[in-house]
Each structure stands twice: as C-alpha cells, then as structure tokens.
1. Longest exposed-loop-site-free stretch of the chain, with chymotrypsin sites (Phe, Trp or Tyr not before Pro), DSSP loop and at most 16 other Cβ within 10 Å?
2. If the cut-off is 16 Å between C-alpha atoms, which lysines fall inside it for Lys436, apart from same-chain ones fewer than 8 positions away?
3. Cα gyration tensor of segment 260-322, axes a ≥ b ≥ c as square roots of the eigenvalues: rounded (a/c below 1.5), prolate (a/b > b/c) or oblate?
4. Identify the GluC sites (Glu not before Pro) of segment 118-222 meeting these criteria: DSSP loop state and at most 13 other C-beta atoms within 10 Å of the C-beta.
5. Taking the simple approach of a point 7 Å from Cα along Cα-to-Cβ for both Asp102 and Gln372, what is their distance in nm?
6. For the chain, what % of the accessible area comes from carbon and sulfur atoms, probe 1.4 Å?
7. By how many nm would the segment from Leu307 to Leu440 lengthen if fully extended, with 0.36 nm per residue of separation less the alpha-carbon distance?
8. Out of Ala258, Phe173, Leu382, whose Cα points farthest toward the positive end of the dipole of the chain (charges: +1 Lys, Arg; -1 Asp, Glu; placed on Cβ)?
Amino acid sequence: MDNVTIVSTNQPKQLYLLFFSEMWERFSFYGMKGLLIAYMVSQLGYDDPKAYTIYGSYAALVYTMPMFGGFMADRFIGYQRAVMFGGILMTLGHFILAIPNDWSFFYGMAFIICGNGFFKPNISSLVGTLYGENDPKRDSGFSIFYMGINIGAAIGGFLCAYIGTQINWHYGFGLAGIFMAIGFIVFVFGKKSLGDRGLPPNTEALKNPVVAFIKPEYLIYGGTLLIVPLVVTLFHQYHVMDYIMFGLGVISLVYVLAVGLKLEKEVKLKLFAALTLIIFSIVFWAIYEQNAGSMNLLAERNSKMILFGIELPPLSMNNFLPPGWVIILTLFVAPLWPWLNKRGKEPGTPMKFAFAFILLGAGFFVFYLGCQANISSGIIPLWPFVWGYCFIILGELCLSPIGLSMVTKLSPAKMVSLMMGIWFFGTAIGEFLAGKIGSLMSVPKEILAKNDPVLSLPYYADIIFKISIASVVIGIIMIFTIPLLKRWMGNVK
C-alpha cells in the first residue's frame, strides 16, 4: 500500500477509513458478481439468454436501489446510518447465498440489492464531504477511493471465482460474505473520525414516533425488508423488468427536471449538465459491463490463458484483469489530473467522458483482433484480454471516478445523495441494457452441444466489432457537445 500513500499525499485522513471499508465491501460484491453468469449456466442449467436477462435484472436492481437509499439518507437517516444498515443487509445476503438450497440464490441476491442501495451511494457521498468546493484534490481523492474499490474487486473476483469453480460454488459465495463482514466492521470502528459528516439532517425528527411508538428510522428499515420478497418475485418474473426500468427512468427524469426548473438559473444549468453526463454514462456502462457477462462466457468457452507455461483459470483471470488494471493505472491517472491542473491543461469533465468512449472502443477492437487472429482454432490466448482491458479501464478511469466527483460538484447541496443515487440508477439502466447486448452474443444450444469453439467464436466476434465502432462514434459525438456543457457547468470544470 506504499504507492497509495505516495499518490494520496495531503488527502484527508478520513479517506483511508472510507477506502478500506469500500475495499472489503467491493471484494464481496464483485467476488459474488463474477460467479453469477457462470453459476446460472453451469449449475442451474439456464440457457444463455435467460442467464443474461436475470443477470441484467440483478445488476439493474442493485444500481436502482441507491436512488431510494440516497433519498432516505438525504432526507432522514444521514450517510453514516445508511452505510451501516446497508452493510448489515449485504452481509446477510452473501451468507444466504452460501446456503446450498434452491431458495437461497434469489433471496441472497435480494438482500444484497437492498443493502447496496444504502451502502453504495452514501459511502461515495461521504467522500464528497471531505473536500471544499472546487478543491483540486477532489478528483484525485475520488480516483484513490476508486482504487480501493478495485483492489477489493481484483482480489475478490479472482479468489471467489477460483474457489467457486475449482472447489465449491457456495464456498465462493461464503468467502464473499466473510469479507463483507470485515468491511462493515472497519467502518463501525472508524466512523468516529468522520465527526458530524453524514449525520442525520434532523436528529430530533427521527426520535418522534410516526405511528404509536414506531420511529421514522424503524419504518425505513422495516419497509426495506419488505422489499426483499418483492425483488425475489421480480427475479421469477424477470420479463416485467423492461417496463419497470423504463418507468423508473421516466419518473426520475421528470422529477429531476421538475425540481431543476424551480432553481436559480446557474444552479439549474449545472444540474442539467450533470443529468446530460449521466445519460451518456448509461451508454458507457451498457458496453463496459460486458466484462462481467458475455466476456465471462467468452473466457470460459473460447480462451486458454497461459502465462510462463502455467495455465490460468479463465473465469478468475477475466474477473481479475479489469480491477487489476484499475489498481495499476490509478497510480498514474490519479496524480495526473492535479499535475495537469497546476499547468492549466487539465481536460474538463465532458472531454474526459469523450476520451472514455474512444478508449472503450479501442479496447473492444483489441478483443476483435484477438478473435480474428484465432478464428481457425476458436481459442483466444491471454494477450487480447490483458491489452483489451488496459484500454477499457483507461476509459473507465476517465468516466467513473470523474462521474462520482462530478455529481458532488454539480448537484444542489440538498440533492447530492439523491443525484448520486440517480448516477447509480443510470448505471442500473446501463447494466440492464448490458444484458440485452450480451443476449446478442448468445450461442445457440445446438452449437454449444457440439462443444466446438470454432463454431461459437464468430457469435462473439461480430458483436464485439460493432461495439467497438459504436463506442468511438459516440465519443466523437460527445466532443461536439462540449461547448454547450461547458456553458451549463459555469465555473465547475
């Protein structure tokens, strides 16, 4: 961790608490997430389209709930209590997944979805409270925080996938639960250092009973638990998710626009700039999130990853490489922004987003070259995964941590956590659409039955090529929107 210290010089000390809490929570979250597609296909016997759709529904719900959790934290319980409640639910969810029963799979995911809704947006919002307005250390601080996410994701993605595929699937889920509990404990013992940051906006109001002796805080917790069986029902009726995601998207957009139109002009335009960037991020995540879906099955079915004569487990490596690259590249990208800022050459947030799409397209083009170079054997070696993810992660670092920072800078003070929730809801829609894109790469059952990688590889190669071209085109389009977005953003860069 010495490199983290070098990069994070002069950062607030509380960043370390949030860094380690998030790191272990992301170990569990991404460790479990990396198992889902392969588990459904190999253990539950689902065909590719059904597995992609259920995975997309899970990912969509897990990023939709932060909108609810963010709202509750902003208005009632504050960031700190929201993080603690979310941590408890997620720990329960991971351990339920470790139970080898039919009912445990969907109930475990439902608890994780509800817990993530409170944990994820509010720990990110706590990071935002550590910095003043236009503090040049803010983007760097979020990049460091993002590295904590990916240290956990890299270790968890590799170990949980290895234990799940090589030993026992439920042991892999159980390992994720152990590290979720560690992340929760780190936060509980360290939260005193946060002082009054993230406390409830009105502590006295939380103490006044709403009905009989039931306080508002208990209603929030109890109401969340009632959502769990509803989520389980949605997994069994996953086809209705199309209507739910579209409906929530329209409601969110109308609500933000209605609130924004009542604000002063300068604040209103900043909010609209944030909303525009969130819409672009939806498309980014729809493409990016193939790594945990279709690319996992590509790795399992059409790759042989050998390094120095050692054959590596494909699923573990595909889950390890993206966050692994984040860890390495953040050491360069995090200090790059302040360095450019001091010289007056730092690109603004919209330009960073445009770079993200172009780099994303370059990464998928590397995958396409890997497919074409090995079309005769149907087996892709390690190098396209290594260098393809290098470009893709450079794109991610230009968008994801910058987007988190952007939300805290452009949102009105009383809407920060809600807008953070909407940022994650944008990710939710992207995740849901990622399942749709993944379905386009579904390999027909009759082809899979022949167990011939030469026959299955073209299904992946064709869509990967189209994804790469579309990404670059969107990046170029976004460059033309920069003048307008700059005017809306005012003094925020």
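1. 309-493
2. Lys436 reaches Lys50, Lys466.
3. Prolate shape, in that a/c is at least 1.5 and a/b is the bigger ratio.
4. The qualifying sites are Glu133.
5. The two pseudo-label positions are separated by 4.8 nm.
6. Numbers: 13190 of 19620 Å².
Exposed carbon and sulfur together represent 67 percent of the surface.
7. Fully extending the segment from Leu307 to Leu440 adds 44.8 nm.
8. Projecting each Cα onto the dipole axis, the largest value belongs to Ala258.
The values are calculated or read from the model by the stated rules, or taken from the named source; none is laboratory data. Bear in mind that the values here come from a model prediction, so they are computed numbers and not experimental data. Positions of Cβ are backbone-derived with ideal geometry, glycine not excepted, and every protein chain shown enters the neighbour counts. We work out accessible area using only protein heavy atoms, side chains counted, and drop any ligands, DNA or RNA first. Shrake-Rupley method; radii C 1.70, N 1.55, O 1.52, S 1.80 Å.
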